[in-house]
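Visitor: Take a look at this one; I'll ask things after.
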Amino acid sequence: MLIAPLVEDDLDSITQALLVPSPVGGVYARTGLFERAIEGLSSFISRHREPETQVLRFPPVMSRVELERSGYLHSFPHLLGGVSCLKGDEAAIRAAVKQPDWVDELAPTELVLSPAACYPVYPMAAAAGPIPAKGLIFDVASDCFRHESTHEVGRFQTFQMREFVCLGTPEQVIDFRTRWIFLAQRMAKLLGLKHELAPASDPFFGRAGRLAAMSQLEQSLKFELLIPIRSEEEPTACMSFNCHRDHFSTVWHLVTANGDQAHTGCVAFGLDRLALAMFRTHGLDLTKWPAIVRENLSI
Ligand code: ATP
Ligand code: ZN
Ligand code: MG
């Protein structure tokens, strides 16, 4: 199938038809039109799920202690959001809400907002014992939060992430990622999306973070599938393919069937960005999307 160039509708009219802004940058209500694409994409991804994959859907919050242990606080403190509440008896809470600066009275809870869908899966898998010889694959999803410093189109503060996660031997994880890098490009083609694969690094915090990002690039630990949203010249990361090596298995003592340290990896789909890319490529009128694309998305 021919890969279409971007439609002529300008970016503003596209986002206006899909997302209703809130008073807070990067936070939107999603319209019915946008949701139809999200639903289509979600079931399209489900149809590509590998056999014996375990499905888990997570809430938008997770354990603060688990995220700390995962190393997130050290690597991405600038992106993290915590859940804070008013505590105390009725009198204390009533007094707090009367204050103009009542927010100062908020106290932390044991919850943070999940910054990626896969974090809760590693301790869960570790609690179930050694990883079986054939490895483990999970299909996970959650709403995610990141305290992004800019809010250009496609960079949300809260967005929907879907992931496949592999836990097993180093070879199983490499194979998993290789399969998905191939499959994801085929999926993009089936959706009529212009795409390119690129080596990438995570937005690690601070000066030490720049070293971590360089080492991640050198070791080819992260790739992204870039698809045009804002422009063809600067396409946007809509999927990522990540190799964590023994990072999570060291933290959570994940071992393989024969007692060796496990490796982990994940492939992540940014559903909101993928939906934006679909409208940007094929236009706002779903009936005008190529027949094969509509079939693939059951739209
Ligand atoms: P970016 O390079 O744009 O900052 P990232 O490399 O930090 O993204 P990952 O951590 O790999 O992204 O997250 C997996 C996927 O989630 C991304 O490929 C993207 O599609 C989506 N995603 C990440 N951050 C955002 C965001 N702020 N808004 C919308 N989608 C996002
Ligand atoms: Zn992940
Ligand atoms: Mg990136």
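Visitor: Tally time: how many residues in the stretch 75-111 are in contact with a helix residue (DSSP H, G or I) (Cβ under 9 Å, 6 or more places away or on another chain) and more than 16 Å from ligand 2 (Cβ to nearest atom)? Before the answer, list the steps.
Guide: Here is the first cut: in the stretch 75-111, the ones in contact with a helix residue (DSSP H, G or I) (Cβ under 9 Å, 6 or more places away or on another chain) are 75-80, 82-84, 86-88, 92-93, 95-97, 99, 102, 104-106, 108-111.
Next cut, more than 16 Å from ligand 2 (Cβ to nearest atom) only: 77-78, 82-84, 86-88, 92-93, 95-97, 99, 102, 104-106, 108-111.
Selection size over the stretch 75-111: 22.
Visitor: I'd like to check something: does the stretch 252-259 contain any residue that is within 16 Å of ligand 2 (Cβ to nearest atom) and either within 28 Å of K194 (Cα to Cα) or modelled with pLDDT of 95 or more (or both)? Please lay out each step first, then the result.
Guide: Step one: of the stretch 252-259, the residues within 16 Å of ligand 2 (Cβ to nearest atom) are 252, 254.
With either within 28 Å of K194 (Cα to Cα) or modelled with pLDDT of 95 or more (or both) added as a condition, the list becomes 252, 254.
Yes; the residues of the stretch 252-259 include at least one that is within 16 Å of ligand 2 (Cβ to nearest atom) and either within 28 Å of K194 (Cα to Cα) or modelled with pLDDT of 95 or more (or both).
Visitor: If you scan the stretch 19-34, which residues turn out to be among the small types (G, A, S), out of contact with any Lys or Arg (no Cβ under 7 Å at 6 or more places or on another chain) and in contact (Cβ under 8 Å) with a residue 40 or more places away in the chain?
Guide: Of the residues in the stretch 19-34, the ones among the small types (G, A, S) are 22, 25-26, 29, 32.
Right, trim to out of contact with any Lys or Arg (no Cβ under 7 Å at 6 or more places or on another chain) and you get 22, 25, 29, 32.
The answer is G25, and nothing else.
Visitor: It is to be established whether one or more residues within the stretch 265-280 are of a type in the set (G, A, S), in the same structural domain as S13 (by TED's automatic domain parsing), more than 26 Å from H74 (Cα to Cα) and within 16 Å of ligand 3 (Cβ to nearest atom).
Guide: The answer is yes; a qualifying residue exists.
Visitor: Let me ask you something else. Restricting attention to the stretch 211-242, which residues are near ligand 1 (Cβ under 10 Å from one of its atoms) and of a type outside the set (V, I, T)?
Guide: Correct list: K222, F223, E224, L225, L226, A237, C238, M239, S240, F241, N242.
Visitor: Identify all residues within the stretch 140-174 that are among the aromatic types (F, W, Y) and either within 16 Å of ligand 3 (Cβ to nearest atom) or assigned to a loop (DSSP other than H, G, I, E, B) (or both); write none if there are none.
Guide: Residues of the stretch 140-174 that are among the aromatic types (F, W, Y), as a first pass: 145, 156, 159, 164.
Of everything in the stretch 140-174, those that are among the aromatic types (F, W, Y) and either within 16 Å of ligand 3 (Cβ to nearest atom) or assigned to a loop (DSSP other than H, G, I, E, B) (or both) turn out to be F156, F159.
Visitor: Sticking with this structure for a sec: Got a sec? Which of G32, G25 is within 16 Å of ligand 1 (Cβ to nearest atom), more than 21 Å from V165 (Cβ to Cβ) and exposed (fewer than 15 other Cβ atoms within 10 Å of the Cβ)? Working first, answer last.
Guide: Values: G32 fails: within 16 Å of ligand 1 (Cβ to nearest atom).
Sole residue among the options that is within 16 Å of ligand 1 (Cβ to nearest atom), more than 21 Å from V165 (Cβ to Cβ) and exposed (fewer than 15 other Cβ atoms within 10 Å of the Cβ): G25.
Visitor: Please determine, by comparing only the residues of the stretch 115-139 that are hydrophobic (A, V, I, L, M, F, W, C) and in a loop (DSSP other than H, G, I, E, B), which one is farthest from ligand 1 (Cβ to nearest atom).
Guide: Across the stretch 115-139, the extreme among qualifying residues is A133.
Visitor: Regarding the stretch 243-266, can at least one residue be identified that is within 10 Å of ligand 1 (Cβ to nearest atom), within 22 Å of W180 (Cα to Cα), in contact (Cβ under 8 Å) with a residue 60 or more places away in the chain and crowded, with 19+ Cβ neighbours inside 10 Å? Spell out how you get there, then give the answer.
Guide: Within the stretch 243-266, the first condition is being within 10 Å of ligand 1 (Cβ to nearest atom), and the residues that meet it are 266.
Subsequent filtering for residues that are within 22 Å of W180 (Cα to Cα) retains 266.
Retained after the next criterion (residues that are in contact (Cβ under 8 Å) with a residue 60 or more places away in the chain): 266.
Applying the additional criterion that residues be crowded, with 19+ Cβ neighbours inside 10 Å yields 266.
The answer is yes, given that some residue of the stretch 243-266 is within 10 Å of ligand 1 (Cβ to nearest atom), within 22 Å of W180 (Cα to Cα), in contact (Cβ under 8 Å) with a residue 60 or more places away in the chain and crowded, with 19+ Cβ neighbours inside 10 Å.
Visitor: Which of the residues spanning the stretch 93-114 are surrounded by 12 or more Cβ atoms within 10 Å (Cβ to Cβ) and either within 16 Å of ligand 3 (Cβ to nearest atom) or outside any loop (DSSP other than H, G, I, E, B) (or both)?
Guide: If the condition is that a residue be surrounded by 12 or more Cβ atoms within 10 Å (Cβ to Cβ) and either within 16 Å of ligand 3 (Cβ to nearest atom) or outside any loop (DSSP other than H, G, I, E, B) (or both), then I93, A95, A96, W102, E105, P108, T109, E110, L111, V112, L113 are the ones that fit.
Visitor: Is at least one residue of the stretch 201-223 over 19 Å from I174 (Cβ atoms), assigned to a strand (DSSP E or B) and either modelled with pLDDT of 95 or more or in contact with a strand residue (DSSP E or B) (Cβ under 9 Å, 6 or more places away or on another chain) (or both)?
Guide: No, that holds for no residue.
Visitor: Out of all the residues in the stretch 277-299, which are part of a helix (DSSP H, G or I) and touching a residue at least 24 places away in the same chain (Cβ under 8 Å)?
Guide: A277, M278, F279, R280, T281, H282, L286, I292, V293, N296, L297
Visitor: If you don't mind, another one. Mind checking which residues of the stretch 177-200 are more than 28 Å from G135 (Cβ to Cβ) and either touching a strand residue (DSSP E or B) at 6+ places or on another chain (Cβ under 7 Å) or within 16 Å of ligand 2 (Cβ to nearest atom) (or both)?
Guide: Matches in the stretch 177-200: L193, K194, E196.
Visitor: While we're looking at this one, here's another question. Kindly check whether there is at least one residue in the stretch 186-200 that is outside any loop (DSSP other than H, G, I, E, B), within 13 Å of ligand 1 (Cβ to nearest atom) and closer than 20 Å to L41 by Cβ.
Guide: yes
Visitor: Before we move on, is S114 among the small types (G, A, S) and touching a Pro at 6+ places or on another chain (Cβ under 9 Å)?
Guide: Working: among the small types (G, A, S): yes; touching a Pro at 6+ places or on another chain (Cβ under 9 Å): yes.
Yes.
The values are calculated or read from the model by the stated rules, or taken from the named source; none is laboratory data. Given the structure is predicted, the values throughout are model-derived calculations rather than measurements. Reconstructed Cβ throughout: ideal geometry from the backbone, glycine too, with neighbour counts over all protein chains shown.
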